[in-house]
Amino acid sequence: MTCNSNRELTDGYVLCQECGHVEEYTVERAEGRETCIRCGAKFCGCECCNGLARVNLQLKIHELNDREG
């Protein structure tokens, strides 16, 4: 189902295909056996979605830092 099912990432992420929620990469999440806790949709852990998830996390970190001042 996913394009990275032949390799397991050691520091990767999965991206929810509906709401954009990010979780740490697991085979179960990447293969659709574990769904998003926010909306119930499936995750994707391909290299493209891993990259988007990393950007998403970086933006959230910057947003939190800006709020703190």
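Any read-out appearing in this document is the output of simple, stated calculations on the displayed coordinates, not a laboratory observation. Since the model is a prediction, treat every value here as computed from it, not as a measurement. Positions of Cβ are generated from backbone atoms using ideal geometry, with glycine treated the same way; all protein chains shown enter the neighbour counts.
Coupling constants for the stretch 56-65 follow from the phi torsions by the Karplus curve (6.51 cos²θ - 1.76 cosθ + 1.60, θ = phi - 60°), and in residue order they are 4, 5, 4, 5, 5, 5, 5, 4, 5, 5 Hz; glycine and proline get x. Beyond 20 Å, the tail of the calculated P(r) for the chain holds 28 percent of the Cα pairs. Spin-label model, Cys39 to His62: label points 7 Å out along the Cα-to-beta-carbon direction sit 2.3 nm apart.
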